[in-house]
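See below for the structure under consideration.
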Amino acid sequence: MSPTPSAPAPGSSLCAARRSRELAESVGGPAVDVLVVGLGATGAGVALDAAARGLSVVAVDAHDLAFGTSRFSSKLIHGGLRYLASAQLDVAHESAVERGVLMERTAPHLVRAQPFVLPLTPLVSRGQSALAWAGFRAGDTLRLAARTARATLPAPRRLSTVETRHLAPGLRTQGLRGGLLSWDGRLTDDARLVTAIARTAAARGARILTRVRALRLTGTGAHVRDELTGEEGEIRARAVINASGVWAGGLVDGIRIRPSRGTHLVLRSDHLGPLPAGLHVPVPGETNRFVLVLPQGDGRVYVGLTDEPVEGDIPDVPEVPETDIGFLLDVLGSVLDAPVRRDDVVGAFAGLRPLLDTAPADGSGASPRTADISRRHAVLTSPEGVITVVGGKLTTYRRMAEDAVDAAVTARRLTAGPSPTASLPLVGAASPAALGAVRAPRRLVQRYGVEAAAVQELAARDPRLGEPVLPGHPVTAAELLWAVRHEGALDEADVLDRRTRIGLVPADREAAVGAAREVLGEAWAPRG
């Protein structure tokens, strides 16, 4: 059954009432086939994969959907080019395949082609230019091997100086000798991808429970606490999958994570001028490392990212150190005509990559730089029988989930067939023709897919809902209401920081808090 323009996908709506009902059914209830801990991209993917195979599923997270690393990425769906340079051919091919799956089958409304310009400045030698060009050509070969259509991802090409300046008007002209144009996948919003995965799992019968903290895991379930009420209880399961990312080692002994911090800056678009394309800015002194300039289409530009090891306790939300900000501004300033100043940075965010520590456990031998640690994922089973999936990256979340569920099915002898998720569209997905026919603004279609018409209809019913929640930003109150009624948002942080990304700029967040509270209040409260 296809969703109508005025309704969400059947069975996919997440709201406070559904959470309460399904939490009561889960705690102390009959054992389910699979309990998933963590609702980032991988955990939500595990829930979807298991539910799509006909298994009963409960998925919990101590916070919200996409609370951790999954909302702090570069919003890119990488095709694996960087892994070719380090001879990780299997990781490169897997990334290219998964990029094609997202762009052409499962989430074409959320992932589209993004052009990037690598400006050939005096800091880029001709040898480096030749190496980069060879890499882009190799990346196009990866696209071909992954059977992604040329219409989906255009070919790389060389640019004249005039073409380079047209795509990146803010570049310094002195010594500029053209550029290299390449393409990759780009998400409208990483947190929206996680929301779509979770809602698709819910439509298949999975219970998606946010604000439920797993305190202890065993091979047959978990002791959990409802973070809204403080009540504790047991959820029993035939298989338990730990997909809690950088926090995985805190739940299962023997899992050694080496977190790496990736920092991004948030700038207003007017600081850099019009940007028809993103930028690859070479990091001086390194042959295969770039700072990315990523125009967002909402009046903001992201600049990132760093790759710095994180020691000690793992915070819920990482702080951004001034050293990261200074590094990114310095690299950006190496190619711009007018440098960006510290005062121009209106926001910053950092995510922690859950890299599997490959150094010897006894401390012998030097640990590799986090930038050099493989992005391969691993599926590990503890002596107690808890299955942990760790490593990898956002692009390969679906394959990670498939491998984790395969391990659970085999270990616990669950009755389930192979994963169908490579061809299972996420909530909102449709063909390009169907998406083009949706009667809603293009911006909404790129965030909600075919459900954009339903969001637009909310705004049409009440003029207040059609108004932007703050001047200069496109998000409307209708989108906040949709998040509460259908996307599981429970408080203003869910609405501002994850369902929309208003909160990435603290000043914008402060200005929008009143609108969020009004939506969450009695006047526009969700209807069960």
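Just want the answer: with Cβ charges of +1 for Lys and Arg and -1 for Asp and Glu, which residue in Val484, Leu292, Ile325 is farthest toward the dipole's positive end in the chain?
About the Cα centre, the residue reaching furthest to the positive side is Leu292.
What is the packing order of peptides 505-515, 446-456, taking the mean over residues of other C-beta atoms within 10 Å and listing the highest first?
Ranked by mean Cβ neighbours within 10 Å, highest first: 446-456, 505-515.
With Cα extents along the principal axes in Å as the read-out, I listed (i) 72, 55, 43; (ii) 69, 64, 42; (iii) 102, 56, 40; which label goes with the value calculated from this structure?
Correct label, based on the coordinates given: (ii).
With unit charges on the beta carbons (Lys and Arg positive, Asp and Glu negative) and the dipole taken about the Cα centre of the chain, which residue among Gly29, Gln456, Val252 sits farthest to the positive side?
It is Gln456.
Taking the Cα centre of each part, how many Å lie between region 460-480 and region 1-75?
27
Which residues does the label zone of Thr161 cover in region 119-154, counting backbone N under 13 Å from a point 7 Å along Cα→Cβ?
Flagged as within label range: 120-122.
Counting Lys and Arg as +1 and Asp and Glu as -1, each charge on the Cβ, what is the dipole of the chain about the Cα centre in debye, to the nearest 20?
1760
Can you list the residues, at least 5 places off or on another chain, whose amide H is less than 5 Å from the amide H of Gly488, using H built in the peptide plane?
Placed amide hydrogens put Leu14, Cys15 under 5 Å from Gly488.
Work out how much length Ala151 to Arg413 would gain on full extension: take 0.36 nm times their residue separation and subtract the Cα-Cα distance, in nm to one decimal.
So the extension gain works out to 90.1 nm.
Can you tell me the length gained on complete extension of the stretch Arg126 to Arg341, counting 0.36 nm per residue apart and subtracting the Cα distance? Don't jump to the answer; show the numbers that get you there.
Working: separation 215, 0.36 × 215 = 77.40 nm, distance 2.99 nm.
Gain on stretching Arg126 to Arg341: 74.4 nm.
For the chain, give me the percentage of DSSP beta bridges that are antiparallel, rounded to the nearest 5 percent.
DSSP beta bridges in the chain are roughly 75 percent antiparallel.
Take Arg172 and Asn288, extend 7 Å from each Cα along the Cα→Cβ direction, and tell me the distance between the two endpoints in nm.
Between Arg172 and Asn288, the label points sit 2.7 nm apart.
Along the charge dipole of the chain, Cβ charges K/R +1 and D/E -1, which of Val438, Val390, Gly45 sits furthest on the positive end?
Result: Val438, furthest along the dipole toward the positive end.
Between Ser431 and Ala511, with labels modelled 7 Å along Cα→Cβ, what's the label distance in nm to one decimal, could you check?
Label-label distance for Ser431 and Ala511, simple model: 4.2 nm.
With just the Cα atoms defining each centre, how far is region 84-148 from region 201-265? Give it in Å.
Taking the Cα centre of region 201-265 as reference, the centre of region 84-148 is 33 Å away.
Just to be sure I understand the model, the point goes 7 Å from the Cα along the line to the Cβ. What's the resulting Asp313 to Arg21 distance in nm?
3.9
Values quoted throughout were computed directly from the atomic coordinates according to the rules given, and no laboratory measurement underlies them. Just so it is clear, the structure is predicted and the values come from calculations on it, not from any experiment. In this analysis, Cβ positions are derived from the backbone assuming ideal geometry, glycine residues included, and neighbour counts consider all displayed protein chains.
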